[in-house]
Amino acid sequence: MTTLYSLFICVPLFFIFLMEEKKANRGFVRHALYALGVDKAEGYPPINITLFHQ
């Protein structure tokens, strides 16, 4: 029964995610995962940096 409930929750969330991804800019998934703390952004400056010199 729990699997059935999770199916009714996960499938619509997946389709909502796909629709939002199509509307969003490139890199949306990576930035969303970074904001949630799931993914690391290696090779980029920190998010709170105010001045950046290359």
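The values are calculated or read from the model by the stated rules, or taken from the named source; none is laboratory data. Worth saying up front: this structure is predicted, and the values here are computed from it rather than measured. When we count neighbours, we look across all protein chains shown, and the Cβ atoms used for this are built from the backbone with ideal geometry, even at glycine. Only protein heavy atoms, including side chains, enter the accessible area calculation; ligands, DNA and RNA are left aside. Shrake-Rupley method; radii C 1.70, N 1.55, O 1.52, S 1.80 Å.
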Task: Local electrostatic count at F14 - Lys and Arg +1, Asp and Glu -1, tallied over other residues with Cβ under 15 Å - done: -1
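Give me the percent of accessible area attributable to carbon and sulfur for the chain, probe 1.4 angstrom. Kindly include the intermediate steps, with their values, before the conclusion.
Numbers: 3630 of 5530 Å².
Heavy-atom surface of the chain belonging to carbon and sulfur, 1.4 Å probe: 66 percent.
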TODO: Report, as a whole number in µm² per second, the diffusion coefficient that Stokes-Einstein gives for the chain at 4 °C and 1.567 mPa s using the Kirkwood radius over alpha carbon pairs.
DONE: 93 µm²/s
Open item on the list: Apply the Karplus curve 6.51 cos²θ - 1.76 cosθ + 1.60, θ = phi - 60°, to the phi angles in segment 13-24 and return the couplings in whole Hz, x for Gly and Pro.
Closed with: 4, 5, 5, 4, 4, 5, 5, 5, 5, 5, 7, 7
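Please give the net charge around F28, taking every other residue with its beta carbon less than 12 angstrom from that of F28, where Lys and Arg add +1 and Asp and Glu add -1. It would help to have the intermediate numbers written out before the result.
Working: positive: K22, K23, R26, R30; negative: E20, E21.
Once all neighbours under 12 Å are counted, the net charge is +2.
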- [ ] Hey, can you grab everything whose amide H is under 5 Å from the amide H of D39? Only 5+ residues off in sequence or another chain; H modelled, so Pro and N-termini drop out.
- [x] Y34
